[in-house]
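Computed from the coordinates by the stated procedures, all read-outs in this text should not be read as laboratory data. The structure displayed is predicted, hence computed values, not measured ones. Every residue, glycine among them, receives a Cβ derived from its backbone with ideal geometry; neighbour counts consider all protein chains shown.
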Amino acid sequence: MSHLVGKVIQENESLFKDISHKIWSNPELSFQETYAHDLLTAALEKFGFEVQKNYLLPTAFRAEFCNSKDGPTIAILCEYDALPNMGHACGHNLIAEIGIAAGIAVKSLMEDNSSICGKVVVLGTPAEEGGGGKIKMIEKGAFSDIDASLMAHPQLNNMLYPLILDLARVTVVYKMKEGLDPWENPNANDAAVACYYNISMIRRCFDPRWRVSGIIKRSTWEETELVFSYRAPTQREILTIKKKLKNCFENAAVVTGCECLYDFEEDSQGSYRGMIANRRMAQVFAKHAETKGIVFQDNNLRICESAVSTDMGNVSHVVPSIHPEYSIGACAPHVNHTPGFTVAAGSSEAQEVSLKIAECLAQTVWDLMTDSELMLKVKTEFETNPNRVSAAPSIVFQDNNLRICESAVSTDMGNVSHVVPSIHPEYSIGACAPHVNHTPGFTVAAGSSEAQEVSLKIAECLAQTVWDLMTDSELMLKVKTEFETNPNRVSAAPSRQAGE
Ligand SMILES: [Zn+2]
């Protein structure tokens, strides 16, 4: 197997390098990658792939080869957009080269083993640099029939699990209160500075993988505007940072007596998600890479600290995915997104190692296609990851099921709910009818280990809810208002009726 992969890639080496060099020499910005689109789709057509040009987006494509629909569908992703004024400073010409080389190698293996069921897809994903091309493709259903997706990205180091963070943004505006003289009172400038210092101070207590960076965008005595981006591995941590930032903003407003307006980009659909690297799949890739002498540096803490964001993170929440990074020989300060990296991405050294990586990806795809147990483990790991944003909640409420809703009980917790805002959700411990509450069957269920598992999950949810109430005064106020305005409370003052 590994012999055939190496042979196919070697035989077509000059073609792959030529494509990479042409894309590098003709850098195109996000959503304008027509030259790369045409070049890549023409090559894939020539190799007998069924190609859909302009697939869902004008410069995206999908090329597939299928032995049988029964097996898994596995996608290898290409990127090919460049950066303004810097050309291919992120080496996406190499990602395109790897994508087609790996795809063509897998197709050869499939033709050589026609009894193996499956489909290989080479997916052209434009506009990674800020455009979120993959996010748009997810929304349009590009991944709905994909079982797993893979790509590899050039970097300074070899990393199996690079730190790829969830990215969110916020804008803060401070306004001096009207009618005050700036020389007599703190002004919007002071508020901006106080806000900036507050954030600098809380950063000291951050998890080492969290990031906040920002600028004072415009500043007069009367009004200032600050823009911050903040990043963390998971959505839950993003929300924690958000709360801390809110405190920083509001504190600066209180101290300076300025008005404070902030706008958290709630449009989380459009933002880049943290990467959930599929460990099972990554280990298979690592096994192949290590036989080629590629050494991963994930245990080097100084290297691990560097963090990026990419729309491949979003893909990893939708299908099991990997996004290893590999060295193309560039060294600091010539990191990604600098002209020095552009030079490295065009070097023959970068092409050599990229084709090695293409072999490893092709072998990983082949392992997934031929080993159904591995594929199952990859999927199970994906489905049970609690950090997936699209993950179905592990506890599903059935309030809309009328047959279930019909059953009714009474409890003195009802009385409490008339005196203070209360909740009393019910949860399944695995017992089924006729073993309802107040029957011996339910006694058995209440002593089971299954019941204990789910009860501890529920305890977590309650603790988190209490914490939210304690830390979010706006939420607490809403809870109280809802309670106080409920006309059904027995202790509530009777509401006046019209005409009384
Ligand atoms: Zn990149």
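Return the FRET efficiency for the residue pair GLU265, ASP371: r is the Cβ-Cβ distance, R0 is 41 Å, and the value is rounded to the nearest 0.05.
0.50
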- Distance between Cα centroids, segment 133-180 to segment 72-95: provide it in whole Å. 16 Å
- Item | Loop chymotrypsin sites (Phe, Trp or Tyr not before Pro), segment 409-469 (other Cβ atoms within 10 Å of the site Cβ: 14 or fewer; DSSP) | TYR427
- Query: In debye, nearest 20: dipole of the chain around its Cα centre with unit charges on the Cβ of K, R (+) and D, E (-)?
  - Reply: 480 debye
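Too long at a 32 Å Cα-Cα cut-off: which of LYS69/LYS287; LYS379/LYS457; LYS242/LYS356; LYS217/LYS243; LYS287/LYS457? If you can, show how the numbers build up before the last one.
Details: LYS69/LYS287 28 Å; LYS379/LYS457 23 Å; LYS242/LYS356 42 Å; LYS217/LYS243 22 Å; LYS287/LYS457 36 Å.
LYS242/LYS356; LYS287/LYS457, as the Cα separations exceed 32 Å there.
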- Under the Karplus relation 6.51 cos²θ - 1.76 cosθ + 1.60, θ = phi - 60°, what is the ordered set of whole-Hz ³J(HN,Hα) values for segment 73-89, x standing for Gly and Pro? 9, 10, 9, 10, 9, 9, 10, 7, 8, 10, 10, x, 6, 10, x, 7, 6
- P(r) of the chain over all Cα-Cα pairs, binned every 10 Å from zero, in whole percent: 4, 16, 22, 20, 17, 13, 7, 2, 0, 0
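Pick out, in residue order, every one of the trypsin sites (Lys or Arg not before Pro) in segment 415-491 that is DSSP loop and has at most 16 other C-beta atoms within 10 Å; say none if there are none. Working shown, then result.
Values: sites: LYS457, LYS478, LYS480, ARG489; in loops: ARG489.
For trypsin sites (Lys or Arg not before Pro) across segment 415-491 that sit outside H, G, I, E and B with at most 16 neighbouring Cβ atoms in 10 Å, the list reads ARG489.
Summing +1 for each Lys or Arg and -1 for each Asp or Glu, what net charge is found among the other residues whose Cβ lies under 15 Å from the Cβ of THR310?
On the way: positive: LYS134, LYS136, ARG211, ARG231, ARG273; negative: GLU79, ASP81, GLU128, GLU129, ASP166, ASP311, GLU325.
It works out to a net charge of -2.
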- Item | 3J(HN,Hα) from dihedral phi, segment 205-214, Karplus parametrisation 6.51/-1.76/1.60, rounded to Hz, x for glycine, proline | 9, 7, 4, x, 8, 8, 9, 9, 9, x
- A correct fewest-to-most ranking of ASP166, ASP18 by other Cβ atoms within 10 Å would be ASP18, ASP166
- For VAL479, what charge total do you get from the other residues with a beta carbon under 13 Å from its beta carbon, if Lys and Arg give +1 and Asp and Glu give -1? -3
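Which GluC sites (Glu not before Pro) in segment 283-358 sit in a loop by DSSP (not H, G, I, E or B) and have at most 14 other Cβ atoms within 10 Å of their own Cβ?
Here the sparse-neighbourhood loop sites are GLU305.
What is the sum of charges, Lys and Arg at +1 and Asp and Glu at -1, for the other residues whose Cβ falls under 11 Å from the Cβ of SER219? Could you put the intermediate results ahead of the total?
Details: positive: LYS217, ARG218; negative: ASP190, GLU222, GLU223, GLU225.
That sum, taken over residues with Cβ under 11 Å, equals -2.
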- Just grab the label-to-label distance for HIS337 and GLU139, each label 7 Å out from Cα along the Cβ direction, in nm (one decimal). 2.2 nm
- Task: Amide H neighbours of GLY124 under 5 Å, at least 5 residues apart or on other chains, H built in the peptide plane: list them.
- Result: PHE61, ARG62, ALA63, CYS78
- Using only the Cα atoms, what convex hull volume per residue in Å³ does segment 43-115 have? 95 Å³
- Message: Using the Karplus curve 6.51 cos²θ - 1.76 cosθ + 1.60 with θ = phi - 60°, what ³J(HN,Hα) values do you get for each residue of segment 136-148, in whole Hz, with x for Gly and Pro?
- Response: 5, 5, 4, 4, 8, x, 4, 10, 5, 10, 9, 8, 7
- Query: In nanometres, what is the gap between the two model label sites at SER14 and GLU184, each 7 Å from Cα along Cα-to-Cβ?
  - Reply: 8.4 nm
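Once every DSSP H run of n ≥ 4 in the chain is given -39500 (n - 2.57) and the sum is divided by its residues, what mean residue ellipticity at 222 nm do you get, rounded to the nearest 500 deg cm²/dmol?
Working: 18 runs with 217 residues, N = 500.
Calculated at 222 nm, the ellipticity per residue is -13500 deg cm²/dmol.
Expressed as a rounded percentage, what relative contact order does the chain have, with Cα pairs under 8 Å and six or more residues apart? Please report the intermediate quantities before stating the final value.
Values: 855 pairs, mean separation 86.8, N = 500.
Dividing the mean separation by the residue count of the chain yields 17 percent.
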- Task: Report, by chain and number, residues whose modeled amide H sits under 5 Å from the one on ILE328, excluding near sequence neighbours (fewer than 5 apart, same chain).
- Result: GLN155
- Note on the structure: Rounded to whole Å, √(5λ) for the Cα gyration tensor eigenvalues of segment 68-110, largest first, gives 29, 10, 5
